[in-house]
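Step one of this worksheet: look at the structure below.
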């Protein structure tokens, strides 16, 4: 999947375990429908070696992000909960912004 928007937040690297690290960032998108503009703030993450992709990304830049959606379920106290991750694998800075 792909989205284009303005980077509004780049978080620091987070070492989840000894062998797993991630870095999150937020991209703000705007969509116009029937003369109404809708703004969305989408949090994505990079994992492992891909975390370095954010080293040269600054807040305020317009980017196009290619990402995969991943989801999991886990059971705790007899209740199954589900969550999704948007894992970025390519980030292009749009120079025309």
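Does the chain come out rounded, prolate or oblate by the C-alpha gyration tensor, with a ≥ b ≥ c the root eigenvalues, rounded set by a/c under 1.5 and, if not, prolate when a/b is larger than b/c and oblate if not? Numbers along the way, then the final one.
Numbers: a/c = 2.53, a/b = 1.33, b/c = 1.91.
Since a/c reaches 1.5 but b/c is at least a/b, the shape of the chain is classed as oblate.
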### Task
Please list 9-19, 51-61 highest first by mean number of surrounding beta-carbon atoms within 10 Å per residue.
51-61, 9-19
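Rounded to the nearest 0.05, what FRET efficiency is calculated for residue 1 and residue 48 with R0 set to 25 Å and r the Cβ-Cβ distance?
Numbers: r = 20 Å, r/R0 = 0.78.
Computed FRET efficiency for residue 1 and residue 48 comes out at 0.80.
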### Summary
The residues 27, 93, sorted from fewest to most surrounding Cβ atoms within 10 Å, come out as 93, 27
### Task
Give me the distance in nm between label points sitting 7 Å out from Cα along the Cα-to-Cβ direction at residue 64 and residue 84, one decimal.
2.2 nm
### Query
Over the range 2-93, what relative contact order in percent results from Cα pairs under 8 Å that are six or more residues apart?
29 percent
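Mind giving me the FRET efficiency for residue 75 and residue 35? R0 is 35 Å, r the Cβ-Cβ distance, nearest 0.05 is fine. Each step should come with its number before you reach the end.
On the way: r = 46 Å, r/R0 = 1.31.
Once the sixth-power term is evaluated, E becomes 0.15.
Could you give the length gained on full extension between residue 28 and residue 15, defined as 0.36 nm per residue of separation minus the Cα-Cα distance, in nm? Don't skip to the answer; put the middle values down first.
Details: separation 13, 0.36 × 13 = 4.68 nm, distance 2.52 nm.
Difference between extended and current length: 2.2 nm.
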### Query
Looking only at 85, 68, 34, which one moves most when the chain is put into a Gaussian network model with springs between Cα atoms under 10 Å?
34
### Query
Hey, how many Å between the Cα centroid of the range 3-50 and the Cα centroid of the range 73-97?
9 Å
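Any read-out appearing in this document is the output of simple, stated calculations on the displayed coordinates, not a laboratory observation. Predicted model only: the values in this text are computed from it and were never measured. Because the Cβ atoms are built from the backbone with ideal geometry, glycine has one as well, and the counts that use them run over all protein chains shown.
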